[in-house]
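The values are calculated or read from the model by the stated rules, or taken from the named source; none is laboratory data. In this text, all values refer to a predicted model and were calculated from it rather than measured experimentally. Every residue, glycine as well, gets a Cβ built from its backbone with ideal geometry; the counts of neighbours run over all protein chains shown.
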Amino acid sequence: MPKVQPVNNLHVVQAAARLDHVRYAIRDLAVVAERLAREGKTILPLNIGDPLNFDFRTPPHLIEAVNKAMRDGRDGYAPSLGVPEAIEAIRAEAERKGIRNIQSVFLTAGVSEAVDVCLTALVNRGENVLSPSPEYPLYSAVLAKLDAQPNSYSLDEEADWEPDLEDIERRIFTGTRAILVINPNNPTGAVYSRKTLERIAELARQNNLVIFSDEIYDKLILDGEPHTSLAALAPDVPVVTFNGLSKSYLVPGWRVGWAVVSGEVAAVKPYLEGVHQLLRARLCSSHPQQYAVRPALEGPQDHLGEVLSKLRARRDLTVSRCRATPHVSCVTPRGAFYAFPRIEISDSDRQFVRQLLIEKQVLVVHGGGFGQAPGTKHFRIVFLPDEATLERAYQGLRAFIEEHYA
């Protein structure tokens, strides 16, 4: 029964107590930004990673594939795991990346649903998943909903935001079920070395842990180096690899995500039965959009060259301007489209980003919303806008810091 409290003869339905710990910092300042926009202010949005808000466009052959699916009447329910041609294309892509012992492939409403389903099928109340700090806040929100215990391991800013392997090892204890790896990383833009990934796989192997590997930005590697899929390094370890069309194929609103589950069949079978049970209960993910998966993964990739060229230029501008700004330092991002600069100021980073928005209309996200080392302060930049917009934003950032912290 829901809790109710009488107020003026009304019974007010209270939200569940578990939501007290659910946060999503990326949209926290949206209300303030909307108010400023209504007042006629022009907001410089560096807060949400949606390429289509800027000068990026969906590849036409993907649009045509979805239009054809709808013309062909693909508007009913799809199979729970996804349409066969999409599953086959995802499996083939995973195999090209070196992933073996694939036990299941399934499509979801974005990676967000895959994360929710896969964590829900694994984690009991009071257990924990080793998650990075900083991290993409979806994971902590889902774990809070599951009444899991927080258990964050450090990313080392002094080592280009690579995971602190010793910190991971000392945080494995009774009740630890899995290790989460986000590579390329959101919010730092880090791309992890093969050596680091091998060490994480060995820790999982030694401690009977599942690995969740979020690789949604795997095609957005900014300096030309290859991306290593963690599951390819550990075919014997249970690994759930998350990916989707949203970022690399410029269709975030289509909500086409997926998971590839690999490992020894006997080890993952009971867990997979639980995952599949949840997938059946929610019926299916969006049907017509699934027909864009094969054309995306096996069709022309021409758009990626233009995307990477733009992102490299905007990354370089971002790092240059941050490093030229007093009290700001920035590790160079090597993947995705995020930077996570550090600020040396007296105020909290939450207060900093709020006042920066109000006074200069530059909208970024405070580092505390992602997690950060004690005593440090950061903010996340999305460097998707064109260079002229970024220049205006960074001029506003510098002026704000000089006015308040000189």
With respect to the numbered conditions (1) out of contact with any Gly (no Cβ under 6 Å at 6 or more places or on another chain); (2) in contact (Cβ under 8 Å) with a residue 24 or more places away in the chain; (3) surrounded by fewer than 24 Cβ atoms within 10 Å (Cβ to Cβ), which one is the sole condition not fulfilled by Ile182?
(3)
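With the structure loaded, tell me whether Ala259 is of a type in the set (Gly, Ala, Ser), at pLDDT 95 or above and either at positive phi or outside any strand (DSSP E or B) (or both) or whether it fails that test.
Values: of a type in the set (Gly, Ala, Ser): yes; at pLDDT 95 or above: yes; either at positive phi or outside any strand (DSSP E or B) (or both): no.
So Ala259 fails the test.
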Given the conditions (1) surrounded by fewer than 23 Cβ atoms within 10 Å (Cβ to Cβ); (2) touching a Phe, Trp or Tyr at 6+ places or on another chain (Cβ under 9 Å), every one holds for Val251 apart from (2)
Could you list, in sequence order, the residues of segment 362-400 that are surrounded by fewer than 21 Cβ atoms within 10 Å (Cβ to Cβ), more than 24 Å from the chain's Cα centre (by Cα) and either modelled with pLDDT under 95 or under 22 Å from Asp347 (Cβ atoms) (or both)?
Gly375, Gln395, Gly396, Arg398, Ala399, Phe400
Condition first: outside any helix (DSSP H, G or I), on the phi > 0 side of the Ramachandran plot, free of Cβ contacts under 8 Å to residues at least 40 places away in the same chain and out of contact with any Asp or Glu (no Cβ under 7 Å at 6 or more places or on another chain). Can you find one or more residues in segment 333-356 that meet it?
no
Within segment 134-149, the residues that are farther than 16 Å from Ile211 by Cβ, buried (at least 21 other Cβ atoms within 10 Å of the Cβ) and without any contact (Cβ under 8 Å) to a residue 60 or more places away in the chain are Ala148
Return a yes/no flag: does segment 262-282 have any residue that is in contact with a Leu (Cβ under 7 Å, 6 or more places away or on another chain), in contact (Cβ under 8 Å) with a residue 24 or more places away in the chain and assigned to a loop (DSSP other than H, G, I, E, B).
no
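Just to be sure before I move on: is Leu52 in contact (Cβ under 8 Å) with a residue 40 or more places away in the chain, outside the structural domain of Leu203 (by TED's automatic domain parsing) and either among the aliphatic types (A, V, I, L, M) or over 21 Å from Asp302 (Cα atoms) (or both) in the structure I sent?
Numbers: in contact (Cβ under 8 Å) with a residue 40 or more places away in the chain: yes; outside the structural domain of Leu203 (by TED's automatic domain parsing): yes; either among the aliphatic types (A, V, I, L, M) or over 21 Å from Asp302 (Cα atoms) (or both): yes.
In short, yes.
For the condition polar (S, T, N, Q), surrounded by 21 or more Cβ atoms within 10 Å (Cβ to Cβ) and touching a residue at least 24 places away in the same chain (Cβ under 8 Å), what is the one hit in Ser193, Ser131, Ser112, Ser152? Quick ask: steps written out before the conclusion?
Numbers: Ser193 fails: surrounded by 21 or more Cβ atoms within 10 Å (Cβ to Cβ); Ser112 fails: surrounded by 21 or more Cβ atoms within 10 Å (Cβ to Cβ); Ser152 fails: surrounded by 21 or more Cβ atoms within 10 Å (Cβ to Cβ).
Just one listed residue meets the conditions, Ser131.
Rundown of residues vs (1) of a type outside the set (S, T, N, Q); (2) more than 30 Å from Asp236 (Cβ to Cβ); (3) modelled with pLDDT of 95 or more; (4) outside any strand (DSSP E or B), yes/no style:
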site: Gln5; (1), (2), (3), (4): no, yes, no, no
site: Ala37; (1), (2), (3), (4): yes, yes, no, yes
site: Gly40; (1), (2), (3), (4): yes, yes, no, yes
site: Asn47; (1), (2), (3), (4): no, yes, no, yes
site: Leu62; (1), (2), (3), (4): yes, yes, yes, yes
site: Asn67; (1), (2), (3), (4): no, yes, yes, yes
site: Ser80; (1), (2), (3), (4): no, no, yes, yes
site: Ala89; (1), (2), (3), (4): yes, no, yes, yes
site: Leu107; (1), (2), (3), (4): yes, no, yes, no
For segment 306-323 the number of residues that are farther than 14 Å from Gly224 by Cα, among the hydroxyl-bearing types (Ser, Thr, Tyr) and out of contact with any strand residue (DSSP E or B) (no Cβ under 6 Å at 6 or more places or on another chain) is 1
Checking the condition within 27 Å of Ile221 (Cβ to Cβ) and touching a residue at least 40 places away in the same chain (Cβ under 8 Å), which residue from Phe370, Phe400, Phe379 passes?
Phe370
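One line per residue, one yes/no per condition, for (1) surrounded by 15 or more Cβ atoms within 10 Å (Cβ to Cβ); (2) closer than 24 Å to Pro184 by Cα:
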site: Ser213; (1), (2): yes, yes
site: Gly224; (1), (2): no, yes
site: Asp236; (1), (2): no, yes
site: Asn243; (1), (2): yes, yes
site: Val256; (1), (2): yes, yes
site: Glu264; (1), (2): no, no
site: Glu298; (1), (2): no, yes
